[in-house]
Amino acid sequence: MLIRSAPDLKDCDVTDEGLYLRRREFITAGTALGAALALGAGEAGAAPLAHSPNKMPIDEKPTPLKDIAGYNNFYEFGTNKDDPAAHAGTLRARPWTVTVDGLCKKPGRIAIDDLVKRFPLEERIYRMRCVEAWSMVIPWVGFPLASLIGQAEPTGQARYVAFETLYDPQQMPGQRDRVIDWPYREGLRMDEAMNPLALLAVGLYGETLPNQDGAPIRLVTPWKYGFKGIKSIVRISFVASPPKTSWNLLAPNEYGFYGNVNPEVDHPRWSQASERRIGEFFRRKTLPFNGYGEQVAAMYRGMDPAKLF
Amino acid sequence: MAFHGGKDRLVYWAVQLACFSPILIFVLQAFTGGLTANPIEFVLRQLGVWGLRLLVVGLALTPVARLLRQPGLTRYRRAVGLWAFTYVCLHLTTYIGVDQLFDWRTIGKDIVKRPYITIGMAAFVLLIPLAVTSMDRLTRRLGPRRWKRLHQLTYMVAPLGVVHYYLLVKADHRPPLVYGAVVLALLGYRLANGQIERRRAAARKAAKDAGKSQPLRA
């Protein structure tokens with residue numbers, strides 16, 4: 001047997017250290033691309049987003065894209081679960097401008113593409129618990145809401161953050177029916193908005209958001225029921241008093257300002273003790289704060305949990 | 001029930017097939033992914049909706065038969081009514097066996113605590129005697145008058161079904177309100193019709209009595 005003593009590898013074969021250190025990004029990008037191809041993401045206009053990988057440990061399998069993008073509550077496109085996927089094509093998610101105003105030192109209007117470039121994007125795989133007792137696991141891509149708030153520099157009087165969805169019945173045909181007092185509105189207390197879990201999502205599964213999931217930018221607060229995650233945001237305002245929120249306006253005894261996930265506090269008409277994870281047969285127990293108590297429970301210390309629905 | 005001739009038989013089987021077709025469609029959808037990402041919830045809801053739809057169709061058959069001058073249509077009330085009961089049973093079975101997996105404690109709590117479930121259960125219980133007395137033997141034993149009386153319970157069951165539906169809707173109340181309007185119209189028709197019939201009967205009786213007391217002129 002011939003044993004070669006001359007080295008096979010030359011200097012130029014060594015991977016550049018910079019590239020070596022970024023190896024995980026290639027894997028992530030490759031995985032995202034592979035996932036997108038495998039799932040046939042095929043959303044018209046879905047574009048890949050550069051992002052860093054998920055850092056929060058989660059041992060649950062993400063819900064398939066076809067379900068995340070096929071089973072939605074987005075009344076701006078109809079009140080059935082499959083309406084948004086069928087009718088959200090009329091939404092023009094780009095160009096898009098988000099207005100930041102109210103009690104802050106640096107208000108302004110920011111184009112969505114500038115916004116996406118301004119903050120480093122990261123993947124966050126979060127559980128999503130709908131108030132209707134079903135849930136998903138969603139690999140969002142976005143940036144912390146706190147980053148945007150930091151740049152806007154809210155004044156000391158700003159105690160709450162208010163959000164507004166686009167109002168345009170041409171693009172959102174469901175707004176022709178006054179099921180909700182349009183535009184859809186949501187709000188957070190300032191400390192909730194600054195919580196590292198609060199995310200402004202611009203994508204999922206490594207690509208820009210499908211219209212029916214709230215393109216081009218939406219809120220994600222995984223410890224709250226899904227209705228708090230306002231979609232297709234056009235305005236973020238810093239305000240002094242609790243802002244009006246859509247579901248609370250509609251049925252104040254059923255949907256409070258907080259909307260915190262709590263298995264102990266039933267919806268007046270149904271139990272919140274358990275949920276059905278999309279893709280699973282058996283119901284599972286609902287966790288307090290949707291399993292994010294460690295990160296958020298401190299914000300509500302001393303408050304009556306029964307009032308945080 | 002007597003069905004004469006090939007055409008009647010054909011219509012009878014067409015009605016049966018029409019009532020069965022939602023189930024066929026669910027099975028088809030199960031293979032094509034048409035049951036949405038949350039198939040249990042979807043099927044549960046759809047079974048309930050079909051139960052209500054067929055209850056409404058059953059109530060509508062008599063007025064429609066009169067309107068179209070097709071008295072033969074009323075013969076299908078039993079088939080439609082029994083199918084309505086079938087869908088309601090499947091709806092309830094899905095809730096108990098699939099949605100709640102026979103978790104009787106939770107189900108019991110639901111019935112007591114959730115008005116929409118209490119009302120839905122009441123509607124189901126009221127339907128049972130109607131389904132049972134659809135058997136020829138029992139129909140005969142009851143006699144037409146008592147049978148009719150008993151089956152007027154559908155006028156209670158249909159509105160209960162509408163309220164059950166209305167109470168579980170989150171925001172878009174238009175669909176249950178449409179059913180409510182139709183049921184209301186059908187009940188209104190029956191009430192008005194009953195009034196007219198009673199008045200006619202009274203008039204007939206009065207005429208008869210008058211005839212008795214007054215000697216016929218030669």
In the structure shown, do any of A:LYS285/A:LYS307; A:LYS117/A:LYS228; A:LYS224/A:LYS285; A:LYS61/A:LYS231; A:LYS81/B:LYS170; A:LYS55/A:LYS228 have a Cα-Cα gap over 18 Å, and if so which? A:LYS285/A:LYS307; A:LYS117/A:LYS228; A:LYS61/A:LYS231; A:LYS55/A:LYS228
Rolling a 1.4 Å sphere over the protein heavy atoms, what is the accessible area per residue of the protein assembly as shown, to the nearest Å²? 54
Report the extension gain between B:ILE96 and B:SER21 in nm, rounded to one decimal, defined as 0.36 nm multiplied by the number of residues separating them, less their alpha carbon distance. 24.6 nm
Between B:LEU10 and B:ARG204, what is the label-to-label distance in nm when each label sits 7 Å out along the Cα-to-Cβ direction? 3.6
Ignore the peptide's own chain and count Cβ atoms of other chains within 10 Å of each Cβ in A:267-275; give me the average, rounded. 3
Among residues of segment B:33-49, a drop of 40 Å² or more in 1.4 Å probe accessible area, assembly relative to the chain on its own, occurs for B:ALA37, B:ASN38, B:ILE40
Straight-line reach only, C-alpha to C-alpha below 14 angstrom: list the aspartates and glutamates that A:LYS244 could link to, leaving out same-chain residues fewer than 8 apart. A:GLU164, A:ASP181, A:GLU186
If unit charges are put on Cβ atoms (+1 for Lys and Arg, -1 for Asp and Glu) and the dipole of the protein assembly as shown is taken about its Cα centre, the option from A:ALA251, B:LEU59, A:TRP270 lying farthest towards the positive end turns out to be B:LEU59
Accessible surface, 1.4 Å probe, highest first, among residues B:CYS89, B:CYS19: B:CYS89, B:CYS19
Which of the aspartates and glutamates could a cross-linker bridge to A:LYS66, judged by Cα under 16 Å and excluding same-chain residues fewer than eight apart? A:GLU43, A:ASP82, A:ASP83, A:GLU207, A:ASP213, A:GLU280
Give me the accessible area buried between chains A and B, both sides summed, with a 1.4 Å probe, in Å² rounded to the nearest 100. 1900
When only Cα pairs under 8 Å and 6 or more residues apart are kept, what is the percent relative contact order across segment B:95-161? 32
Please give the average number of partner chain Cβ atoms lying within 10 Å of the Cβ of each residue in A:74-83, rounded to a whole number. 2
Of every hundred units of 1.4 Å-probe accessible area on chain A, the number belonging to carbon and sulfur atoms, as a percent, is 56
Cut-off under 17 Å on the C-alpha distance; same-chain residues fewer than 8 positions from B:LYS148 excluded. Which lysines are left, in chain and number order? none
Partner chain Cβ atoms within 10 Å, averaged over the residues of B:161-171 - can you pull that number for me? 3
Leaving out ligands, DNA and RNA, what percent of the accessible area of segment B:5-212 is carbon and sulfur, probe 1.4 Å? 68
Does segment A:20-307 come out rounded, prolate or oblate by the C-alpha gyration tensor, with a ≥ b ≥ c the root eigenvalues, rounded set by a/c under 1.5 and, if not, prolate when a/b is larger than b/c and oblate if not? rounded
If r is the Cβ-Cβ distance from B:ALA181 to A:GLU280 and R0 is 35 Å, what FRET efficiency results, to the nearest 0.05? 0.35
Hey, quick one: spin label on A:THR155, modelled 7 Å out along Cα-Cβ, who in segment A:215-253 has an amide N within reach, i.e. under 19 Å? A:236-243
The size of the Cβ-based charge dipole (Lys, Arg +1; Asp, Glu -1) of segment A:193-260 about the Cα centre, to the nearest 20 debye, is 180
Largest to smallest accessible area among A:LYS224, A:LYS231 [probe 1.4 Å]: A:LYS231, A:LYS224
What nm value, rounded to one decimal, do you get for the distance between B:ARG145 and B:ARG45 when each label is placed 7 Å out toward the C-beta? 4.7
Using only the alpha-carbon atoms, how far is helix A:23-39 inclined from the longest principal axis of chain A? Give it as 0 to 90 degrees, nearest 10. 60
Mean Cα-pair separation over length for chain B, i.e. relative contact order, pairs under 8 Å, 6 or more apart, %: 18
Give the relative contact order (percent, whole number) for chain A; include only Cα pairs under 8 Å separated by 6+ residues. 19
Taking a virtual spin label 7 Å from the Cα of A:SER52 along the C-beta vector, which residues in segment A:101-122 bring their backbone nitrogen under 17 Å of it? A:116-122
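The values are calculated or read from the model by the stated rules, or taken from the named source; none is laboratory data. As the structure is a computational prediction, the values presented were derived from the model and not from experiment. Glycine gets a Cβ as well: all are built from the backbone with ideal geometry, and neighbour counts include every protein chain shown. Side chains are part of the model used for accessible areas, which takes the heavy atoms of the whole protein and leaves out ligands, DNA and RNA. Shrake-Rupley method; radii C 1.70, N 1.55, O 1.52, S 1.80 Å.
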